[in-house]
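A short write-up of the structure that comes next.
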Amino acid sequence: MKRAQLEAHILVLVTLGLVAFGLVMVYSATSAPAALRNGDPISYLKRQAVYALVGVGLLLVLYRMSYRALRQLAPTLVAVALVLCLAVLVVGTEVNGARRWLMLGPAAFQPSELTKLALAVWTAAYLARKTPRDLRSLARPLGLLVGLFCVLLLLEPDLGTTITIVLMVVLMAAVGGVPPRVLAVGATIAITLGLLAIWFEPYRRARLFSFLHPWHDAQGSGFQTVQAMIGLGSGGLFGVGLGQSVEKLFYLPEAHTDMILAVIGEELGLLGTAAVIAAFAAFAWTALSIALACRDPFGKNLAVGLTALICGQAAINLAAVLGLAPLTGIPLPFISYGGSNLVIALGSVGVLLNIAANGSRERAPLRDRDRRDRRPRVAVAGSGGGADRARRARDVRRVARSRRSAAGP
């Protein structure tokens, strides 16, 4: 079996394993509350299963469609995401003080999830065409576009998605060849603006302080963090047993979405938590290996962006639940309850699988990054610079011999 096939198989197995495990944990975290609310203990499970089927369908479609077609769709994806982000601020459904969802009949769609994918595709296409060498070229248009979306997300408000997008773009810029000094200045500016956004919003500032001292206000701003710690600590090494969590019974807020890792830690113990972390580590290693093997700059940048999108989000969620970072409201990919996140994440895996299958075969026609040469360069699979030079040298010698023979002695 070729290495690319092995990596693709590992990626599929890890992804489907996490999705199946997520369905089990969503049922475990919601069965009792759902039975008390509407008498149907599997209502959340049924909805999540439908989203999982839709996501798997999207995965198969994007796997069969060439990832290079996404390059042409990048402007359209960004425009659609921008319109939806504006629309959600006007007609979006408000839940817990935030407008993040557009209701589509019985289903809800979160435009910020499409925004992450659209920016990943657009950034990959831009960096494949041009490498910013100074702060000004980094800011226009990449920095301005990312900043516009971040402002719209902060108005929802959705700080967690904003952090995920900035992390993704920074990693893609690093792989895309942006000089470290320029990237460091840009990242410093982004971090400074993020801290200001936290400081001037009371509830974000309260979350930051509760992260530093959660037990100082265990019944207030630190309640969710404290309950997560209690759940994780109660599980011990092997857990109290699947379905036996106490924290999920109206003690732990958002137990089936943002805080589902705390339920996993309580029911399956340290071993269950470590298995989840190991699964995401395997996903990251495999996806980055696919990115390294890709010869197409657009495919390489896109693979890195999608990996950062999924694994960065997972890292933020894991750190928040484990008490290593402030709470941001970010769900755990493939496992937490939520349709938009699950569908987009599975679609991203489909793109990664297509890159694994096609990215290393041949180099796509791309405009050269060197500003001194604006002509498109096309490299043919199996050919190299040395072979071309040798062939041209043979042609020159053949012409010279023909001329000498025609001239006579």
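Pairs please, first residue from segment 103-116 and among the acidic types (D, E), second anywhere and modelled with pLDDT of 80 or more, Cβ atoms under 7 Å, 6+ apart in sequence or on different chains.
E113/S340; E113/N341; E113/I344
Report, by residue number, each residue of segment 44-56 that is farther than 16 Å from L13 by Cα and within 19 Å of the chain's Cα centre (by Cα).
Correct list: Y51, V54.
Taking S234 as the residue in question, decide whether it is part of a helix (DSSP H, G or I), touching a residue at least 24 places away in the same chain (Cβ under 8 Å), closer than 30 Å to R129 by Cβ and out of contact with any Gly (no Cβ under 7 Å at 6 or more places or on another chain).
No; evaluated as a whole, the condition is false for this residue.
Considering only helices (runs of 4 or more DSSP H) fully contained in segment 132-198, which possess at least 2 residues that are modelled with pLDDT of 90 or more and buried (at least 21 other Cβ atoms within 10 Å of the Cβ)?
Once the helices (runs of 4 or more DSSP H) in segment 132-198 are filtered for at least 2 residues that are modelled with pLDDT of 90 or more and buried (at least 21 other Cβ atoms within 10 Å of the Cβ), what remains is 144-155, 159-175.
So S28 ticks every box in (1) surrounded by fewer than 17 Cβ atoms within 10 Å (Cβ to Cβ); (2) over 20 Å from S340 (Cα atoms); (3) hydroxyl-bearing (S, T, Y) but one. Which box is left unticked?
Status for S28: all satisfied but (1).
Quick one: F298 ticks every box in (1) crowded, with 16+ Cβ neighbours inside 10 Å; (2) assigned to a helix (DSSP H, G or I); (3) more than 19 Å from the chain's Cα centre (by Cα) bar one, so which box is it?
Answer for F298: the failing condition is (3).
Could you grab the pairs with beta carbons closer than 7 Å, sequence gap of 6+ or different chains, first residue in segment 295-318 and touching a residue at least 24 places away in the same chain (Cβ under 8 Å) and over 17 Å from I163 (Cα atoms), second one among the basic types (K, R) and assigned to a helix (DSSP H, G or I)?
Filtered contacts from segment 295-318: F298/R71.
Listed here are the residues, each with its yes/no results for (1) among the charged types (D, E, K, R); (2) at pLDDT 85 or above.
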| site | (1), (2) |
| --- | --- |
| V321 | no, yes |
| Y337 | no, yes |
| G347 | no, yes |
| L353 | no, yes |
| N358 | no, yes |
| R361 | yes, no |
| P365 | no, no |
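Output the residue which, of all residues in segment 323-335 that are modelled with pLDDT under 90 and under 16 Å from A274 (Cα atoms), is surrounded by the fewest Cβ atoms within 10 Å (Cβ to Cβ).
Top of the filtered list is L324.
Mind checking whether some residue in segment 203-221 is surrounded by 17 or more Cβ atoms within 10 Å (Cβ to Cβ) and of a type in the set (S, T, Y)?
Among the residues of segment 203-221, at least one is surrounded by 17 or more Cβ atoms within 10 Å (Cβ to Cβ) and of a type in the set (S, T, Y), which makes the answer yes.
Does segment 190-208 contain at least one residue that is under 26 Å from A308 (Cβ atoms), under 22 Å from the mean Cα position of the chain (by Cα) and β-branched (V, I, T)?
yes
Just the residues that are assigned to a helix (DSSP H, G or I) and hydroxyl-bearing (S, T, Y), please, taken from segment 309-355.
S340, S348
The values are calculated or read from the model by the stated rules, or taken from the named source; none is laboratory data. These numbers were taken from a predicted model, which means no experiment stands behind them. Positions of Cβ are backbone-derived with ideal geometry, glycine not excepted, and every protein chain shown enters the neighbour counts.
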